[in-house]
Amino acid sequence: MDKNKLWKWLLLGILVIWSITLVTPVDQKVKLGLDLRGGSSFVLEVDEADVAKKMVEDPENKINSVDEISASALKKKIKEAQESAVEVIRGRIDVLGTAEPEIYPEGDNRIVVRIPGADANTRAEAKAQILRVAVLTFKLVHNDSDEWIAELASKGEVPKGFKVGGQDGSGVFFVRDREVADEVLNRAYYDELKDFGRKRADYMLMEDRHKDDSKIYRPYFIESRIQMTGDTVKFASVSPDPITSQIKISLEFDKKGAKEFGRVTERFARTETQPGRFLAIILDDKLYSAPHLNEPIYGGSASISGSFSLQEARRLVNALRAGSLPGRVKIVEERTVAPTLGQSSIDGGKKALIYGGVGVLVFMALYYMLPGLIANLSLIFVLLLLPAGMVVAAGFLGVLSGSLEGGAVSLPTLTLYGIAGIVLTIGMAVDANVLIFERMREEWKVGKSISGAINAGYNKALSTILDANVTTLLVAVILFWQGSGPIRGFAVTLSAGILVSMFIVLVITRLFFNTLADHKMIKSLKMLSIPGLANASFDFIGKRKIAAVLSILVIVGTWGLFASKGDANLGVDFTGGTVMSFEFDQKQDGDAVREALALVGFPSAKVAYESDVSGKEFLEVKVGASGEESEPALKAVKALEGNYRDVKNDSVGSQIGDELKSKGIKALIFALIGIIIYISIRFEFAFAMGAITALAHDVLITIGIYCAMGQELSMPIIAALLTIVGYSVNDTIVVFDRIREDLKLVKGKSYKEIANLSINQTLSRTVLTSFTTLLTVVMLLIFGDGAVKDFALALCIGIMVGTYSSIFVATPVVLFWHREEKVK
């Protein structure tokens, strides 16, 4: 054996060993994404308005209004708030005891929180801890508070959601007006409430207990200026008041805080010359108590009393111990998958992978015989080297995008879309083998030796394989750049599949063939052929006008329907809103669900029962609200009879929806531009126009048919469209490459005749590749659940449309530049 071959065998062995060590033991090395393992993810955004407000309240800044804050100063403060919030939130989530939570900054003002394996209770607790700002402030009750409260009472002015309950020694008090729902009294309401009465202070309500133990609310006017913050709290604990037995939170300040608290209480405590002030103790913009400062407090301790439950008090203590957030954060995107649903996705993905893989292996062995068996061996090596390919691809894509997450040289997290990428890789890896085998068949037929046919087949297929895979890799790079989360996982897997399959097919499979040929172990290159396609001579170009009319009718018809449906074509990824899935023990009528949702403010909610591949039925509810605003809908469904439990929750804010829509459009545009440039360089501009027209045709028809089937566009469907773009241009390049070759070999015929000849020569390969890729994608469609099933449906439509366009659209467009041109 020559040294060149020996080095290749050694390289293969080293790569296989390295790749296997990356994933063994599997339970320790392979990390599953939330869509497989179950859990919750949140994308948080630092509230710009709240940061600005706190800059005004800070006496050290000497700023009187938000208008005085420069854009650069605000941006810097938001970045500082983001960095601080990451650590605070990490401390709060760690208290929950969840395994391996991921918390990291994204961009200049966002934070990503991922909690694997979180059940509904853990998710609710995590959400409460994230949203809890835990900002403890000490302010003063305004000196004119009693006078202003009495003035408003005399005018009969009462804040919305409350009504006068009476008056006692402490003044007027309110009770809740139950005609106004609790959901109305949200954070925004209490922010606006501060302006009630139009005084030079914040109007706030403090919960209290009446002598009959009923809940009442006492109004106060609180000065805006902060006297002291809770940043110096060293320890917080929950304890019952020894006199009233009510729950209270005990605080202990550090040395600096004790000194500052003593200074504040000394300054405003009662003396011979002043009556003493009331100290407002405010936590997360809620007034908990307003004790009278009878004397200075130097001991470095304080307590917060109020009408809160033991659970709420513990939450507050955990938040105070972890530290306060430097500003409010908003949940702009939330996605939750129950662990049981994640396991179902794993099972479906395994079945799709096994059945799709076995189907391809059986077909290749039966159709291509010995070469097919070698191709099957190469597919096994592709799967073995895929972990190593994923590490390389993740690092490569991370460097290109500047993403630290992607650039880390470690095995990426496996997501449901990653499994879809592996299944698709099997189908697409066959393409290169088919190209080579069909070329080898042609060379064998003209009388070349076994070795000559093998080498000529590889040499003639090389440029086609490189061009086709480079354009698909370009699509994967754009997917990673513009995508996030699971979409990036798909891009990494797709890129890894391309890199590994090119190495295996062009280097290792050729090594197998040459080794067998050198040892005279291959006597012939027998292969089956598709009846009618071996020497096909269909007049495809002659039917181009009929095909054009058909394509235009389909595009106009489906897009007319698309336009009539408007935003109904778009999922929450693009419109904003929330989609919730529930499992249940006893099914309730859809009208009963709609009525329950209407009662909490969602009269236009979409309600539908869906079944997964196992036949298990789920309730799906879609509402236009997101984040905290969608919580009443979740609670309303869970309150129904039948033990409804949320197993999946996708909540996207309108801002995120607009961003995702913009990213999706940009991704498609960048992919098309990149392909135009590449094909123009490798071929000529006419070919680029043919390819781009075919791609636009494929995208338009795929979207049109997909939405006409009642489906909604989402970010995963954009990923599917980009995959279709890569697949379709791959198909088209094979035809173009043959046209380029035939233009050099065939003389005296018109451009149109040569183009038609080239399409017929590659027809067998086109049909075979489409069949094997469809075989794997159909397995995803059959065994996949939810979004992956939708993803596979879009791919199925796109592959069939892409096969059609590579024959009837791309080449006819090229002929516009070459009309009746003769090849000399």
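Summarised as an ellipsoid, the range 411-503 has semi-axes of 33, 12, 8 Å, derived from the eigenvalues of the Cα gyration tensor scaled by 5 and square-rooted, with the largest first. With 30 Å as the limit, the listed pairs LYS445/LYS520; LYS54/LYS199; LYS663/LYS752; LYS194/LYS255; LYS350/LYS526; LYS77/LYS127 have LYS663/LYS752; LYS194/LYS255; LYS350/LYS526 beyond it between alpha carbons.
The range 496-542: which trypsin sites (Lys or Arg not before Pro) are DSSP loop and have at most 16 other beta-carbon atoms within 10 angstrom?
LYS520, LYS523, LYS526
The local environment of SER170, defined by Cβ-Cβ distances under 14 Å, has a net charge of -1 under the rule Lys, Arg +1 and Asp, Glu -1. Kirkwood Rh over alpha-carbon pairs of the range 750-824, then Stokes-Einstein at 4 °C and 1.567 mPa s: what D in µm² s⁻¹, rounded to an integer? Translational diffusion coefficient: 91 µm²/s. Need one word for the range 528-643: rounded, prolate or oblate. Basis is the Cα gyration tensor (sqrt eigenvalues a ≥ b ≥ c); a/c below 1.5 gives rounded, then a/b vs b/c decides. It comes out prolate by the Cα gyration axes.
Ordering LEU640, ALA201, THR766 by Cα displacement along the dipole of the chain toward the positive end leaves THR766 in first place; charges were set at the Cβ atoms of Lys, Arg (+1) and Asp, Glu (-1). Applying Stokes-Einstein at 20 °C and 1.002 mPa s to the Kirkwood radius of the range 1-136, computed over alpha-carbon pairs, gives a translational diffusion coefficient of 115 µm² s⁻¹.
The ASP254 and ASP58 beta-carbon pair, evaluated with R₀ = 25 Å, returns a calculated FRET efficiency of approximately 0.80. For q values of 0.11, 0.21 Å⁻¹, compute log₁₀ I(q)/I(0) with the Debye formula on a Cα-only model of the range 445-563, without solvent. Taken in order of the listed q values, log10 I(q)/I(0) reads -0.73, -1.10. The aspartates and glutamates within cross-link reach of LYS248, meaning a Cα-to-Cα straight distance under 15 Å and a gap of 8 or more places when in the same chain, are GLU207, ASP208, GLU312. Database remark: amide H of ILE247 closer than 5 angstrom to the amide H of ASP241 (H placed geometrically; neighbours at sequence offset of 5 or more, or on other chains; Pro and chain starts carry no H). Taken over the C-alpha atoms, the range 608-728 has Rg and Dmax values of 20.1, 66 angstrom. Taken one residue at a time, the phi angles of the range 260-271 give Karplus couplings (6.51, -1.76, 1.60, θ = phi - 60°) of 5, 5, x, 5, 5, 5, 5, 5, 10, 6, 5, 9 Hz. Gly and Pro are set to x.
With θ taken as phi - 60° and the Karplus curve 6.51 cos²θ - 1.76 cosθ + 1.60 applied, the whole-hertz 3J(HN,Hα) list for the range 68-84 is 7, 7, 6, 4, 5, 5, 5, 4, 5, 5, 5, 5, 5, 5, 4, 4, 5 Hz, x standing for glycine and proline. Taking a sphere under 12 Å around the Cβ of THR472 and counting the other residues whose Cβ falls inside, with K and R at +1 and D and E at -1, yields a net charge of -3.
Would you mind pulling out the separation of the Cα centroids of the range 259-282 and the range 72-126, in Å? Here the answer is 37 Å between Cα centres. Sparse packing (at most 15 other Cβ atoms within 10 Å of the Cβ) combined with a DSSP loop state is found for none of the trypsin sites (Lys or Arg not before Pro) in the range 82-128.
Once all protein chains are placed together, ARG270 keeps about 130 Å² accessible to a 1.4 angstrom probe. What the Cα convex hull of the chain gives, in volume per residue, is 201 Å³. Averaging 1/r across all pairs of distinct Cα atoms in the range 679-760 and inverting the result yields a Kirkwood radius of 14.4 Å. Only the Cβ atoms of Lys and Arg (+1) and of Asp and Glu (-1) were treated as charged; on that basis the dipole of the chain about its Cα centre amounts to roughly 3420 debye. Across the range 684-696, coupling constants 3J(HN,Hα) worked out from phi with the 6.51/-1.76/1.60 Karplus curve, θ = phi - 60°, read 7, 4, 4, 5, 4, 5, x, 5, 5, 5, 5, 5, 4 Hz, and Gly and Pro carry x.
The values are calculated or read from the model by the stated rules, or taken from the named source; none is laboratory data. Quantities reported herein were computed from a predicted structural model and do not represent experimental measurements. Cβ: placed from backbone, ideal geometry, glycine included. Neighbour counts: every protein chain shown. Just the protein is used for accessible areas: all its heavy atoms, side chains included, with ligands, DNA and RNA removed. Shrake-Rupley method; radii C 1.70, N 1.55, O 1.52, S 1.80 Å.
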